[in-house]
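Take a look at the structure set out below.
Values in this text are rule-based calculations from the coordinates and carry no lab data. In this text, all values refer to a predicted model and were calculated from it rather than measured experimentally. Cβ: placed from backbone, ideal geometry, glycine included. Neighbour counts: every protein chain shown.
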Amino acid sequence: MQKDSPQNNFYLYWIDLTKVKRMLSFPFPVDVIGAALIEKDSYEGDHIGGMEFAVRLRGEEKYATDLIGGERIKNEYPHLLIQREGVHHEYVYNKPRETFFVIYNPQLEQAFESFGIQKTDVDWPLNITSDVVAIMDELRSYFPIYDQPGIADKIDVVAWNLVTKLFLQKPHFEIPKHDERIHAVVMELQQNFMNDIDFDEIAKKCGMSRRSFFRYWNRMIDQTPQNFLTNTRLMHAAGFLSHTNMTVNEVSRSAGFNDPAYFSNIFKKHYNLSPTEYRISKRVSQNAD
């Protein structure tokens, strides 16, 4: 469904992808994606419709105030609000507010947890950087053609990139604020873990020589850059094994390991289970729940 009200500049785009056939088996398919600039609105009740990542871009009121699960939350714009199925939510706003949102099936919540997005993660301030704007613009370009072959697959992948970038802005990295360059490297590794990584190139991109990069990194983070990258890849591999039907070789490639044999060996050392044993253990656990 798509609505637009250009005559007064207010708009609502609601793109329902639940019945659109995918060509790929991406582990985080989007149920609904959209954007809105609404004059005023209010709501009181349990949140329905899935797990929603709401990027509140701007509002004419200084703060957005929400009551979520009985807790009062107050945020300046821009900020992210994660709304979960069945959680009581109340809000009122009387001046225009612009939002971009991505909604996932609530059954994926456990999968999100395996990737680090916990139930306690509800809201945090955002910096709407140029790359975030570019991702949202790309997603908007798909709104008119969402039902064409392959477009929903592109939305799934690009929306996941958006969610990842927003999550990495959450203030949870234990990195001293006096050197944001190391923070930038961490974000680069977590966003591009599946690709071949050249630490010299990343250091240069973030304004450091190789020597300076390793010196500052070692002061701030208690594992080497390569170990950090490997652990990030293993975390994503574990998520793929738990929540997709990808083969072990496909998981290996998707997580950034070019050698499936090496992947299986290092995975077993890390989790004390082979990739297949890990998948079976997680499926048994999920069925028991």
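Figure the gain on full extension for Asp196 and Lys19 (residue separation times 0.36 nm, minus the Cα-Cα span) and round it to one decimal in nm.
Between Asp196 and Lys19, full extension yields 60.2 nm more.
222 nm [θ] for the chain, helices only, -39500 (n - 2.57) per DSSP H run of 4+, per residue, to 500? If you can, show how the numbers build up before the last one.
On the way: 10 runs with 118 residues, N = 289.
Helix-only estimate at 222 nm: -12500 deg cm²/dmol.
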Net charge around Tyr271, counting only other residues with Cβ within less than 14 Å of its Cβ (Lys, Arg = +1; Asp, Glu = -1)? +4
So how tilted is helix 130-142 from the main axis of the chain? Cα-based, degrees 0 to 90, rounded to 10. 70 degrees
Contact order normalised by length for the chain, with contacts defined as Cα pairs under 8 Å and 6 or more residues apart; what percent is it? 15 percent
Spacing of the two label points (7 Å from each Cα toward its C-beta) at Lys268 and Glu76, in nm: 5.4 nm
Angle check, please: helix 225-243 long axis (alpha carbons) against the longest principal axis of the chain (alpha carbons), in degrees 0 to 90, nearest 10. 60 degrees
Hey, of (i) 18.6, 66; (ii) 20.4, 61; (iii) 22.9, 97, which did the structure itself give for Rg and Dmax of the Cα atoms in Å when calculated? (ii)
Given Lys74/Lys170; Lys119/Lys170; Lys40/Lys62; Lys19/Lys154; Lys19/Lys282; Lys62/Lys95, which pairs have Cα atoms separated by over 21 Å? Lys19/Lys282
How would Tyr13, Tyr63 line up from fewest to most surrounding beta-carbon atoms within 10 angstrom? Tyr63, Tyr13
For a quick check, take a GNM of the chain with Cα springs below 10 Å and name the residue from Leu234, Leu67, Leu17 with the largest mean-square fluctuation. Leu67
Could you state the angle between the C-alpha long axis of helix 260-271 and the longest principal axis of the C-alpha atoms of the chain, as a value from 0 to 90 degrees rounded to the nearest 10? 80 degrees
Relative contact order (percent) for the stretch 1-101, with alpha-carbon contacts under 8 angstrom and 6 or more residues of separation? 31 percent
With an 8 Å Cα cut-off and a minimum separation of 6 or more residues, compute the relative contact order for the stretch 227-288 in percent. 30 percent
